[in-house]
């Protein structure tokens with residue numbers, strides 16, 4: 001544990017490990033050291049060998065070390081000297097100063113951004129993971145390990161934290177060993193599939209706009225955090241996962257100021273939505289279709305229509321730009337649709353596959369209301385195989 005050490009000081013180690021970029025350090029009011037000490041005592045009582053000395057790596061089942069930057073390097077050196085019969089050892093290095101976005105809900109909040117580096121025969125070098133985690137993820141990993149050995153030892157982890165923070169089993173896959181060189185493409189790193197399928201849309205009712213947030217489908221295996229900002233305040237909440245046949249949404253009212261609304265939503269895996277326009281509205285609509293969307297091989301389909309008696313134009317602009325590696329992706333271009341009369345519909349379809357590694361960034365505007373805009377950006381998860389991260 002080196003949560004006081006910025007990951008930037010050990011960037012060379014990060015490049016040689018799988019980096020969990022959505023890691024959060026322990027909250028300031030949380031006794032992380034005490035939690036680990038109590039869990040170590042439970043492990044020892046169950047017959048496991050525990051230690052706080054990196055020199056004991058070869059003899060202990062669990063070694064927890066509080067270290068500075070140089071101490072981390074000494075631990076890594078000791079790890080590299082382990083005998084071949086202990087090649088299955090997992091080294092986890094928890095650092096501070098990462099890029100994770102704030103996460104909070106009704107039951108509690110995670111700490112400041114950090115980074116978790118994982119090295120083992122089953123964690124490929126130079127990869128990233130977007131799964132939300134903190135030090136309790138390591139506790140859950142230890143729980144899983146003791147259970148599989150037939151001598152389970154439970155840890156102190158609150159229920160809301162278990163639902164939100166993964167146990168790293170998607171990152172550490174002991175059923176197959178990973179080898180090979182570091183990624184060669186600068187700026188792009190292979191990424192593990194993220195266990196979320198965030199959705200967000202805006203409904204306009206008689207009393208005002210309402211956001212509808214979801215985390216839906218077989219890809220969604222963990223609760224998803226959302227952040228909403230409407231220009232006046234920022235709200236954060238956590239949305240549990242739900243299956244396609246029993247979809248559950250969280251509804252959040254949006255403030256209207258000076259005859260309009262403008263709300264931005266952020267979710268896991270760089271999910272971004274923005275909804276802006278007048279209220280009462282100009283009778284133009286854009287919805288994201290999910291009914292025919294394959295959750296394993298998803299695309300993005302937007303349906304637009306209007307209620308006006310005069311022709312209305314809708315313009316979709318692709319904004320991904322430099323992240324597209326092929327002009328075939330069409331990014332930097334746009335699509336124009338003219339709808340002559342009311343209730344007529346048009347569809348904008350995006351299938352950001354190999355050309356953009358699953359990343360997309362589009363906006364939709366209209367001639368009916370210069371303040372009206374819908375923005376859709378993020379990464380379309382397949383849930384099956386790795387992709388390239390940002």
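Below are the figures for this structure:
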{"read-out": "Cβ crowding within 10 Å averaged over residues, with 359-365, 111-117 ranked highest first", "value": "111-117, 359-365"}
{"read-out": "Interatomic Cα distance distribution for the chain, bins of 10 angstrom, percent", "value": "5, 21, 29, 22, 13, 7, 3, 0"}
{"read-out": "Contact order relative to length of segment 221-265, as percent, for alpha carbon pairs under 8 angstrom and 6 or more apart", "value": "42"}
{"read-out": "Cα shape, segment 2-187, gyration tensor, a/c 1.5 rule", "value": "rounded"}
{"read-out": "Two-site label geometry, residue 38 and residue 107: point separation in nm, points 7 Å out along Cα→Cβ", "value": "1.7"}
{"read-out": "On Cα atoms only, tilt of 32-45 relative to the major axis of the chain in degrees", "value": "50"}
{"read-out": "Taking segment 2-187 and dividing mean pair separation by its residue count, relative contact order in percent (alpha carbons under 8 Å, at least six apart)", "value": "31"}
{"read-out": "Ellipticity estimate at 222 nm from DSSP helix runs (n ≥ 4, -39,500 (n - 2.57)) divided over the chain, nearest 500", "value": "-4000 deg cm²/dmol"}
{"read-out": "Over segment 28-98, equivalent-ellipsoid semi-axes from the Cα gyration tensor in Å", "value": "21, 19, 9"}
{"read-out": "Kirkwood-type radius of segment 181-281, with distances r between different C-alpha atoms, in Å", "value": "15.0"}
{"read-out": "Crossing angle, helix 69-80 versus the chain [Cα axis fit, 0-90 degrees, rounded to tens]", "value": "70"}
{"read-out": "Helix axis angle, 135-148 relative to the chain longest principal axis, alpha carbon, degrees", "value": "60"}
{"read-out": "Length-normalised contact order of the chain in % [C-alpha pairs under 8 Å, at least 6 apart]", "value": "14"}
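None of the figures in this text is laboratory data; all of them are computed from the coordinates on show. Predicted, not measured: the structure shown is a model, and the values here were computed from it. Glycine also receives a Cβ, built like all others from the backbone with ideal geometry; neighbour counts cover every protein chain displayed.
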